[in-house]
Every structure is written in C-alpha cells, then in structure tokens.
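The values are calculated or read from the model by the stated rules, or taken from the named source; none is laboratory data. Just so you know, these numbers come straight off a predicted model, no measurement behind them. Cβ sites come from the backbone with ideal geometry, for glycine too, and all protein chains shown count toward neighbours.
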Amino acid sequence: MQPIIQIEHITKVYEMGTEEVHALRDVSLTINPNEYVAIMGPSGSGKSTLMNMLGCLDTPTSGIYNFKGLDVNDMDDNDLAEIRNKEIGFVFQTFNLLPRASSLRNVELPLIYAGESTSKRKERAIQVLTNVGLHDRMHHKPNELSGGQRQRVAIARALITNPAIILADEPTGNLDSKTGIEIMKLLDDLHQKGNTIILVTHEEDIARHAHRIVRLKDGLVEVDEVNPNPTVY
Amino acid sequence: MKISEIVESVRFSLQSLRANKTRSSLTSLGVVIGIGFVVLMGWSLNGLEQAWEKTISIVGADMMYVDKWDWAGNKKWNTIRSRKDISFEQVKLFSETNTYAELTIPLLRSWGKRIGYNANSIGGIAVMGTESSYGQTSAGNIEQGRFFTEFEEERTANVIVLGSGVASSLFPNADALGKSVKVGKFSFQVIGILEKRGFLFMDFIDNQVFVPLKTFVNYFGSSRRSYSIAVKAFSVAGMDQLREESRGYMRNVRGLTANEDDDFSINESKAFDDNIKDIRLYIWSIGLGLTFLSFIVGIIGIMNIMFVSVAERTKEIGIRRALGAKKSSIITQFLVEASLLCFIGAIVALIGCSIIIFIGKVLIVKFYPDLSFISGYLPPSLLLIASSVSLFVGVLAGLVPAIRAANLDPVESLRFE
C-alpha cells in the first residue's frame, strides 16, 4: 500500500533577523491511508510548522516530502495550490469561515477553485452539509451559527473535495467541552468511514481519540506510538 | 482561468462592495467625475461638429469663390489690399474659358447697408448683386418664395431675396413675401427668403440680401468694387481639379507671368476647417487634460482603497489559499473588485450625464432654437468607450494591490487576526 505522506529528515529553518530558528530539526514520518494520527507537543515544539508542511502551505528547508508518491519539493505554487485543493481538507481552531458568505457558499468554495459547475457544487455542498447534520442551516451566515455548528461547516468544507487527508489543527480549541466532544465524535465517524485524519493538538484527551500518537519536542519526533485504547464516546 | 471563478469573483466583490457602501461610493467618485468629463466633452464636441457640418454644407462643399480677398486670412493684409480689383470683363473671360465648372456666377457686394420696412430698420447688412443662376447653388436655396429670374435681371427689376436672418429681424411676426423694403433710398419687392445657413459663429451669413446684378450696378455702382466669382463644381469629387484649372484660367485672365504670384484667392468652405480644427483641438486638450487628471486622482483613490481592502482581508486571502486558490485566482478577485468599483462609477456617471444632457437639450431648444439639432442623448459609442475606459482604469488601479495580495504568505495570512 502506498503511503499518503512520506517525509524523511525534513528540517525547517526560519530566519528571524540575524538569528536562525530551527523549527524542525529532523523529522521523518509516514502516514498510510485511513490512519488516525495525533501530532502532539507543547508550544514551540514545531507542531504548527509540521502541520503547515504536511498541508502544503509551506515547504521544508531540506529533506524529502512525498505526497502520494509525488515530490512536493519539486512543485511550484500552482501545484501546491492544487494539492491543497484536491487532497487536503483543513479544519482550523478558529474555523476560518468567510464571514459574509452563507454555510452553503463557504462549503462550496473549494469546488469553485476546482472549477466545478454551479449545479454540481451546490448538490455536493448540500450533501456534505447534510452529512454533518446542518441541512437546516445552509443559508445561515457564520455569525448566525453556534461555535459547534461553525466547526461542522468547516468540516463539511474540508470533506467536499473527498480529500486524501483531513488535517485538523486544534479542532476543539475554541469550543466548550460538550461541543468539543460532538466534534470529536464527528471526526471519529469520518475515520470509521475510511478517511485519513491528522489531528494536531496539545490536549492529551483529544489526542487519545487517535490510533497513533506522534509527540514532538524541540523540532524532533520524541515518541511515535500506537494508541492501544483510543477513546470512543 | 476558469469562467466560474470570475463569476464567483464578481459575486464576492459585490458582497464586499455592499458591505462597505460609503467607502465604495466615495472611492468611485473620482471615476464618476472622470467619466463625466469624457462624456460631456464628447457630447459637446459632437454638437459642435454637427453645427459645423451644417454650416459647411450650406456654404456648399461643391462651391469655391475666386476673389480678390482671402477667407483664411493667413496672407498679408497689405499684399491683398494692393491686388487689382477683378473686373466684370475678367469674370466674363474666366466664365467663357472654364469648362470644368458647372456654373460661374459673378457677385458684387456692398457691406454695411441699412435695410428698412415701415418704421423698422436694421443695419450691418451685406447687399449682394448676382445673377439668377445663384439660385441653383446650395447657397441660394430658397425657404419661401423664389429666386429672381433672368428676365427680372435683364429688365433690372427692383426685386430682392432676403437672407433668413434679415427676414426674421425685419418681419418677426409677419409674412415678408410681397412686401416692399428699402435699401438705402431704393425700394425693392421681397420675392424670396433663403434657407437658414449659418450656425453659431457663422450666422453673419444670414444677414445678406440678394438683388439682380444689373440692378445692383445701377443703384450702388461698380467702380472701385471687385467682383467675386462663385464657381460650382459638377461634383464634390471634381473640386481638386476645378481648383487647379480655375487657378490656371484666372492667371491667364489676370495676365500673370510665370514667376508672378497669384493676385487673387480661391476660397472654399475648407478654409474654415483650419479654424474649427484649432477650436476642436483646444477643447479636446483641455478636456483630455481634465479627464486625465481626474482619472489619476481616481486611480490613486481606488488603489489606496484596494490596499486597505487587501490588508483587511489578509485572513480571507489565507483561507482561500489554504482551500486551493492559486495566485491567479486571488489576483482575479481583486482586479474584478477594482474594475467593478470603476464600472459602477461609470454607470452612475453615464446616468448623471444623460440627465444633464437631457436638461441641456431642453434648455437649448428653449433659448437657442438654432441649435436644437444637437442630440439630447448620449451617443452609443461614448457608452462603449466610457465603460471600457472604466474597466481599464479598474485593472490599472487594482493591479498592484492584487499582486501584493497574491504574494502574501498563506501561513502568515492564516495567522492574521
């Protein structure tokens, strides 16, 4: 089976003025289809940098990154945009919905950049919104929705292109614990249905949902272990 | 670039413009003024052109006048004044030899005459003595009555044809035909009124009256007067040849040797073209200057607002980039937004100008009925020009901010609050 993500010895160095900051020192990681991986670590451990790298928002300073067998280092800006569009579904801590657009329009957005026809976009958006239980909130704008509902819209948006991975960055960080549980249930569900999920978090009990936990510290992988007892609500 | 993306960009741009109504409308004000200038200037120049064409066509595009005097006025006054008068014998000789002309008509002129009817009288009138064939030229087109005949000419009848300006001043409410008017101490019977010929600065042309040549000579004398020869071409296309041939004949008639300059001028309505060209150029340069200026101001305003908009929407740009928007998509979106801003400005300007022009037309009809042929509508070509200019300006103003937006780092933008 071909891994979706294969990174070897990647580093990321930022230049802050005259100083060099080594956000990632030497990270290797392989993620296979239908894995449920949590990336953990305290702030400054490099998990955000790693997430940006995995999400093709940023490229490593050195090392190899293959996405579905393709060398990401060889890709130009347009190729990266296309990978993000078709293969990666982002779920952010702050939801990152467009404030003036309805749920439906927000969810459609990736398909606009994929060049999908209006009717197909709408049909597909309704379908994914129904899947996350927001069939009756399609025409609401983000400020008319609760936090949990907003995150569901964001998840629906991440799902609309049938991406290879769902990259969730602190998906429950801005939610109360009850709503957080609902969102985690939804992610567990998606994993059950065959999706590959990468969860970036600093919360132990959120990470416990994943089947594999990768712990970062100071830009290095400290632990990469299987979680024998994933939390199931 | 996908069509669906452009359509979506328009939708998103409309949303964003709606969200900032005051800002959007203030920003597009520069464009409104710029487009307004172009349109109003185009309209007034169009009117000027129409007025000019009307005047030219009435002077006669197929007519030239061989004369001692020069219409264009670009020759030295002294040289012209010292030219010998053109005599009747020279006119006859010229007419007999010139086979390229359909008509050659002698004209004598007396300036500054006073014409009266009952207690009414007006001064500053040019009395012209000519032959009946003048009535066959476009300059002799009759509005009412008729031109005098060869028979009336032979028997030196006291008949007169009035220019429309004279007729309307002397007979503001009454029918002039058949009335007896006085030129100096001589009485004439009005038999015809000419069509209106002059417009704008050319209306002196309607303050002429025409009497048979022989009658003129009898009453006003022919000594120390120089004849003009009105020459009508068979067609406008034949004008160039007619001019050259006439020049040759006239040089013969005047007995000029090969190295002497012409001692006469051949005048055409073309001579006025130079004058009108200057006027047109002045209006265009002033108008273009103002337009250019207001567009510069408009562009700066829009560019400024687009920079603000890019800064405000950094997060949105990050989100779009994360969801798969290419740089070109981001550029498109901001270009569409800037163009839309300008386009809306153009539409507002066009509506505003239509209203101004409509009111202008109503006022013109009321106060200057002579000019009522001026259009009360915007010419469609102007609509097209104005809207394409506005789109172009939008692209110009939006380009730098759009490129800046596209080059924002997606990671940094997503972090932006």
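Taken over region A:128-174, residues that are farther than 15 Å from A:Val107 by Cα and of a type in the set (S, T, N, Q) amount to 4. For region B:125-161, what are the residues that are in a helix (DSSP H, G or I) and out of contact with any strand residue (DSSP E or B) (no Cβ under 6 Å at 6 or more places or on another chain)? Within region B:125-161, B:Ser132, B:Gly135, B:Gln136, B:Ser138, B:Ala139, B:Gly140, B:Glu150, B:Phe151, B:Glu154 qualify. Quick check, is A:Lys68 of a type outside the set (A, V, I, L, M) and surrounded by 21 or more Cβ atoms within 10 Å (Cβ to Cβ)? In short, no.
With touching a residue at least 40 places away in the same chain (Cβ under 8 Å) and surrounded by fewer than 18 Cβ atoms within 10 Å (Cβ to Cβ) as the only criterion, which of B:Glu268, B:Glu195, B:Glu244, B:Glu260 stands out?
Just one listed residue meets the conditions, B:Glu195.
Considering only residues in region B:284-326 that are within 14 Å of chain A (Cβ to nearest Cβ) and of a type in the set (Gly, Ala, Ser), the one that is nearest to the chain's Cα centre (by Cα) turns out to be B:Ser309. B:Arg247 meets each of the listed conditions (1) over 30 Å from B:Asn275 (Cα atoms); (2) of a type in the set (D, E, K, R); (3) touching an Asp or Glu at 6+ places or on another chain (Cβ under 9 Å) apart from (1).
Anything in region A:132-151 that is away from chain B (no Cβ under 14 Å), out of contact with any helix residue (DSSP H, G or I) (no Cβ under 7 Å at 6 or more places or on another chain) and in a helix (DSSP H, G or I)? List them, or say none.
Going through region A:132-151, the residues away from chain B (no Cβ under 14 Å) turn out to be A:132-140, A:144-149, A:151.
Now drop any that are not out of contact with any helix residue (DSSP H, G or I) (no Cβ under 7 Å at 6 or more places or on another chain), which leaves A:136, A:144, A:146.
Answer for region A:132-151, where residues must be away from chain B (no Cβ under 14 Å), out of contact with any helix residue (DSSP H, G or I) (no Cβ under 7 Å at 6 or more places or on another chain) and in a helix (DSSP H, G or I): A:Asp136, A:Glu144.
Comparison of B:Gly129, B:Gly140, B:Gly135 shows that the only residue that is surrounded by 15 or more Cβ atoms within 10 Å (Cβ to Cβ), touching a Leu at 6+ places or on another chain (Cβ under 6 Å) and not hydroxyl-bearing (Ser, Thr, Tyr) is B:Gly129. What number goes with the only condition from (1) crowded, with 18+ Cβ neighbours inside 10 Å; (2) facing chain B (nearest Cβ under 10 Å) that A:Val37 does not pass? Exception for A:Val37: condition (2). Of the residues B:Ser28, B:Ser44, B:Ser16, B:Ser57, the single one that is modelled with pLDDT under 80 and among the hydroxyl-bearing types (Ser, Thr, Tyr) is B:Ser57. Each residue in region A:23-52 was checked for being among the small types (Gly, Ala, Ser), under 14 Å from A:Gly219 (Cβ atoms) and touching a strand residue (DSSP E or B) at 6+ places or on another chain (Cβ under 6 Å), and 5 pass.
Regarding region A:100-117, can at least one residue be identified that is under 15 Å from the mean Cα position of the chain (by Cα) and either surrounded by fewer than 19 Cβ atoms within 10 Å (Cβ to Cβ) or within 30 Å of B:Ala19 (Cα to Cα) (or both)? Among the residues of region A:100-117, at least one is under 15 Å from the mean Cα position of the chain (by Cα) and either surrounded by fewer than 19 Cβ atoms within 10 Å (Cβ to Cβ) or within 30 Å of B:Ala19 (Cα to Cα) (or both), which makes the answer yes. For region B:227-283, the set of residues classified as in a loop (DSSP other than H, G, I, E, B) and either acidic (Asp, Glu) or over 32 Å from the mean Cα position of the chain (by Cα) (or both) consists of B:Arg254, B:Gly255, B:Leu256, B:Thr257, B:Ala258, B:Asn259, B:Glu260, B:Asp261, B:Asp262, B:Asp263, listed by residue number.
Do we find a residue being on the phi < 0 side of the Ramachandran plot, of a type in the set (Ser, Thr, Tyr), crowded, with 23+ Cβ neighbours inside 10 Å and in contact (Cβ under 8 Å) with a residue 24 or more places away in the chain anywhere in region B:355-376? Even if it seems obvious, please write down each step before you answer.
Here is the first cut: in region B:355-376, the residues on the phi < 0 side of the Ramachandran plot are B:355-376.
Right, trim to of a type in the set (Ser, Thr, Tyr) and you get B:368, B:372, B:375.
Next cut, crowded, with 23+ Cβ neighbours inside 10 Å only: none.
So far as region B:355-376 goes, no, none of its residues is on the phi < 0 side of the Ramachandran plot, of a type in the set (Ser, Thr, Tyr), crowded, with 23+ Cβ neighbours inside 10 Å and in contact (Cβ under 8 Å) with a residue 24 or more places away in the chain.
When B:Gly324, B:Gly287, B:Gly301 are checked against the criterion of being assigned by TED's automatic domain parsing to the domain that holds B:Ser388 and crowded, with 22+ Cβ neighbours inside 10 Å, a single residue qualifies: B:Gly324.
For region B:374-417, filtered to residues that are in contact with a Lys or Arg (Cβ under 7 Å, 6 or more places away or on another chain) and away from chain A (no Cβ under 14 Å), the residue that is farthest from B:Gly345 (Cα to Cα) is B:Ile374.
Considering region B:1-60 alone, what residues qualify as being β-branched (Val, Ile, Thr) and within 14 Å of another protein chain (Cβ to nearest Cβ)?
Narrowing region B:1-60 to residues β-branched (Val, Ile, Thr): B:3, B:6-7, B:10, B:22, B:27, B:31-33, B:35, B:38-39, B:55-56, B:58-59.
Matches in region B:1-60: B:Ile3, B:Ile6, B:Val7, B:Val10.
Residues in region B:234-292 that are acidic (Asp, Glu) and more than 30 Å from B:Glu96 (Cα to Cα): B:Asp273, B:Asp274, B:Asp278.
Inspection of region B:94-108 finds no residue satisfying the criterion of being surrounded by fewer than 19 Cβ atoms within 10 Å (Cβ to Cβ) and in contact with a Pro (Cβ under 7 Å, 6 or more places away or on another chain). Only residues that are free of Cβ contacts under 8 Å to residues at least 24 places away in the same chain, part of a helix (DSSP H, G or I) and within 7 Å of chain B (Cβ to nearest Cβ) were counted across region A:68-117, and they come to 4. For region A:167-190, the set of residues classified as surrounded by 17 or more Cβ atoms within 10 Å (Cβ to Cβ), in contact with a Ser or Thr (Cβ under 7 Å, 6 or more places away or on another chain) and in contact (Cβ under 8 Å) with a residue 60 or more places away in the chain consists of A:Glu170 only.
The criterion of at least 3 residues that are under 24 Å from the mean Cα position of the chain (by Cα) and assigned by TED's automatic domain parsing to the domain that holds B:Ile300 is met by the following helices (runs of 4 or more DSSP H) wholly inside region B:327-417: B:327-367, B:380-406.
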